[in-house]
Amino acid sequence: MKMPVASASTSEIVDIWDHNMETEFARLRELVVDYPFVAMDTEYPGIVARPYGEFKHSQDFQYQTIKMNIDLLKIIQIGITLFNDQGQTPPGAHSFQFNFRFCLKGDMFAKESIDMLVTAGIQFDEHEKRGIEPIHFAELLISSGLVLTNDVRWITFHGSYDFAYLLKVLTCTKLPDEENTFMSDYRMFFPMAYDVKYLMKSVKHLKGGLADVATQLEVSRVGPQHQAGSDSLLTGRCFFRLKENYFDQYIDDNKYCGCIIGFSNPTPNGSTAQAGNADDKP
């Protein structure tokens, strides 16, 4: 029996700016007790640089590419959607779309990525005027009960850049030089995390990016594609549909928890999960 996907409107997604962030974090702190599955997505200004030089192996090059771009760029949106262990969301608005300060006149970006976000409806003039300062967001997230705990399970789709940006925000510093150090920090802040793209390695016929997978799983989207609130909601719904249809409602944490596409992870077949194509995410 398929898990029902409730009809919904964009009223499920709440836009959060600097002026209402503390109020919405107070709601998050209350809701996460009963809805401890946190689906997350980010929107960022693309990829603007590639590292050069000698690298230990291809995965080192992939990590250095992630590090170089995230060190140079600023986050634009973070989307968080809460679920309980049955895949149900809280009543009312339950997708929290955090909009960060970003200035097209002064901040670095890849033009094609910004064009895509503008087409998706992101209003950069509002981000410049009312956007959230990352350090304020970090202070509230650290004290929210969502991180640094085994009681909360994070869900992403092709999550390397998502978690890397979130770690940059939380630590208020550049990413570590070595991937091993990064992974240690990641597991400290997010000890329980899943990547839908990684889970798909155990499902032969599921292919493509988030929108493709949602279509294959017959999961509907709420809100515009390439906005973090909508994408986080869709990611969470795909996770629970995948769990029901292909994992018999049980996901083996020893095989899948903590493994994120884009980092050095042992895969279900014993090889290493490589970074893949960032285009897999949309």
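Extension gain S184-N254, at 0.36 nm per residue separation less the Cα-Cα distance, in nm? Intermediate values should be presented prior to the final figure.
Values: separation 70, 0.36 × 70 = 25.20 nm, distance 1.70 nm.
Gain on stretching S184 to N254: 23.5 nm.
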Looking only at lysines whose Cα falls under 30 Å of K105's and that sit 8 or more positions away or on another chain, we get K67, K74, K129, K168, K174, K281
If every Lys and Arg gets +1 and every Asp and Glu gets -1 at its Cβ, then about the Cα centre the chain yields a dipole, in debye to the nearest 20, of 480 debye
Given chymotrypsin sites (Phe, Trp or Tyr not before Pro), DSSP loops and at most 16 other Cβ atoms within 10 Å, the longest exposed-site-free stretch of the chain is 56-246
Of all stretches in the chain that avoid trypsin sites (Lys or Arg not before Pro) placed in a DSSP loop and having at most 14 other Cβ atoms within 10 Å, the longest is 208-282
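Using the eigenvalues of the Cα gyration tensor, what equivalent ellipsoid semi-axes result for the stretch 154-260 when each is taken as the square root of five times the eigenvalue, whole Å, largest first? If you can, show how the numbers build up before the last one.
Details: eigenvalues 128, 60, 23 Å².
Gyration-tensor ellipsoid for the stretch 154-260: 25, 17, 11 Å.
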So, for the Cα atoms of the stretch 42-135, Rg and Dmax in Å stand at 16.6, 52
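Whole number please: convex hull volume per residue, Cα atoms of the stretch 151-210, in Å³. Mind dumping the intermediate values first?
Numbers: hull volume 6.0 nm³, N = 60.
So the per-residue hull volume is 101 Å³.
Once you have the Cα-Cα distance between V48 and R27, take 0.36 nm times their residue separation minus that, and quote the gain in nm to one decimal.
Numbers: separation 21, 0.36 × 21 = 7.56 nm, distance 3.61 nm.
Extra length available between V48 and R27 comes to 4.0 nm.
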Across 10 Å bins beginning at 0, the whole-percent shares of Cα-Cα pair distances in the stretch 98-166 come to 16, 41, 32, 11, 0
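DSSP loop (so not H, G, I, E, B), at most 16 other Cβ within 10 Å: list which GluC sites (Glu not before Pro) in the stretch 1-104 pass both filters. It would help to have the intermediate numbers written out before the result.
Working: sites: E12, E22, E24, E30, E43, E54; in loops: E54.
Answer by residue number: E54.
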Here the tail fraction of P(r) beyond 24 Å, over all Cα-Cα pairs of the chain, rounds in percent to 46 percent
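Which length gain, in nm to one decimal place, applies between Q123 and K105 when the Cα-Cα distance is subtracted from 0.36 nm times their residue separation? The partial results should precede the final answer.
Details: separation 18, 0.36 × 18 = 6.48 nm, distance 1.39 nm.
Fully extending the segment from Q123 to K105 adds 5.1 nm.
Please compute the per residue accessible area over the chain with all protein chains in place, 1.4 Å probe, rounded to a whole number of Å².
Values: 12460 Å² over 282 residues.
About 44 Å² of surface per residue is accessible.
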Note on the chain: helices (DSSP H) long enough, at least 20 Å by alpha carbon along their axis, and hydrophobic enough, mean Kyte-Doolittle at least -0.5, are 228-246
Place a point 7 Å from the Cα of R130 in the direction of its beta carbon; the residues of the stretch 61-86 whose amide N falls under 16 Å from it are 77-78
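The values are calculated or read from the model by the stated rules, or taken from the named source; none is laboratory data. Being a predicted model, the structure only gives us computed values, none of them experimental. Neighbour counts are summed over all protein chains in view; Cβ atoms, including those assigned to glycine, are modelled from backbone coordinates with ideal geometry. All accessible areas refer to the heavy atoms of the entire protein, side chains included, with ligands and DNA or RNA removed. Shrake-Rupley method; radii C 1.70, N 1.55, O 1.52, S 1.80 Å.
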